[in-house]
Amino acid sequence: MKHFLFLLIALSCGHCMLQAQSLSKDSLYYVHLRDGNTLYSKTVRLKSSLYAGKYLLLDNNRQVALSQAKDFKGRDGVFAVGRIGGVFDAFRLEHEGRRISLYSQCYFETETLYGSPTPDGIPTPTIITTHEKALFFRKGTDGEIERLTFHNLKGAMADDSGSLQELRLAHSHLILGIGLAVGGAALIATGIAATAHHNHVLSTSYDRATAKWYADAQAHPFGNNPPPALPHYMGLSPVAFIGIGVTVSAAIPLFNVGRHARRALEIYNGIE
């Protein structure tokens, strides 16, 4: 009886081990835990609970807190788990690099507006959803998730002079592009204001001359008193056109920002 019982236990353990091995080989999805272990599953889904926060749901309704996971792969792609602002969250892998990888996260905001086609109509709701994508990066496989900013990238690439040089060029182009855009907008506003002021002065002078002419015509109906000439209004000031040109030219350095930033990442990741 004891031998039979031991045989059942052995067969059961063997079956479990074979099933676990088969699952690890056949499963496309996994969860790398922070303690070094790896969980394999046929489904890995990111869930959110009002009380428990975000967690991972595996086969057989097994739940793994996001704070216990390092990274995972599911149907929606490969994700890294990071802590931004004291809260653990998942970040989708966008580009895997040898030393620095890029991640993203999408934010959705929903707003409900009420309106009616007629003043006395019944207001009906309209749901407007806006989408925003934020970029992040991680240095190495054990690094922390950081926001993709010049300051953070500069700190991560401090050990590579070539990457830092490209980052400085990207930052310089960004400052130049913003300066051109702001300066161009200021010139456009100045040109519009100058045009409006000039035409307003002409209009006011014409109104006064017309009022005087009308009073004289009433006082001397048979006098030779021609009406005042119409004012010659000025079109848009040339300053505004210069501002438009300056604003459009801002696109050139702003376009080069991304080119130099990508080049910095390529150099750091060993892509020549």
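The values are calculated or read from the model by the stated rules, or taken from the named source; none is laboratory data. Note that the structure is predicted; figures quoted are calculated from it, not measured. With ideal geometry, Cβ positions are generated from the backbone for all residues, glycine too; neighbour counts draw on all protein chains shown.
If you go through the range 193-209 one residue at a time, do you hit one that is in contact with a helix residue (DSSP H, G or I) (Cβ under 8 Å, 6 or more places away or on another chain), touching a residue at least 24 places away in the same chain (Cβ under 8 Å) and either surrounded by 10 or more Cβ atoms within 10 Å (Cβ to Cβ) or of a type outside the set (Val, Ile, Thr) (or both)? Yes; the residues of the range 193-209 include at least one that is in contact with a helix residue (DSSP H, G or I) (Cβ under 8 Å, 6 or more places away or on another chain), touching a residue at least 24 places away in the same chain (Cβ under 8 Å) and either surrounded by 10 or more Cβ atoms within 10 Å (Cβ to Cβ) or of a type outside the set (Val, Ile, Thr) (or both). Only residues that are out of contact with any helix residue (DSSP H, G or I) (no Cβ under 7 Å at 6 or more places or on another chain) and either acidic (Asp, Glu) or in contact (Cβ under 8 Å) with a residue 24 or more places away in the chain (or both) were counted in the range 142-155, giving 5. For the range 135-144, the criterion of being on the phi < 0 side of the Ramachandran plot and part of a helix (DSSP H, G or I) is met by none of the residues.
Restricting the range 47-87 to residues that are surrounded by fewer than 15 Cβ atoms within 10 Å (Cβ to Cβ) and among the polar types (S, T, N, Q), the residue that is nearest to the chain's Cα centre (by Cα) is 48. Within the range 161-171, the set of residues being crowded, with 17+ Cβ neighbours inside 10 Å and closer than 9 Å to residue 267 by Cβ comprises 163, 166.
Of the residues making up the range 217-257, those that are more than 26 Å from residue 199 (Cβ to Cβ), out of contact with any His (no Cβ under 6 Å at 6 or more places or on another chain), modelled with pLDDT of 90 or more and not aliphatic (A, V, I, L, M) are 249, 255. Out of the residues in the range 17-60 that are polar (S, T, N, Q) and either modelled with pLDDT of 90 or more or part of a loop (DSSP other than H, G, I, E, B) (or both), which is farthest from residue 76 (Cα to Cα)? Among those residues, the one meeting the criterion is 37.
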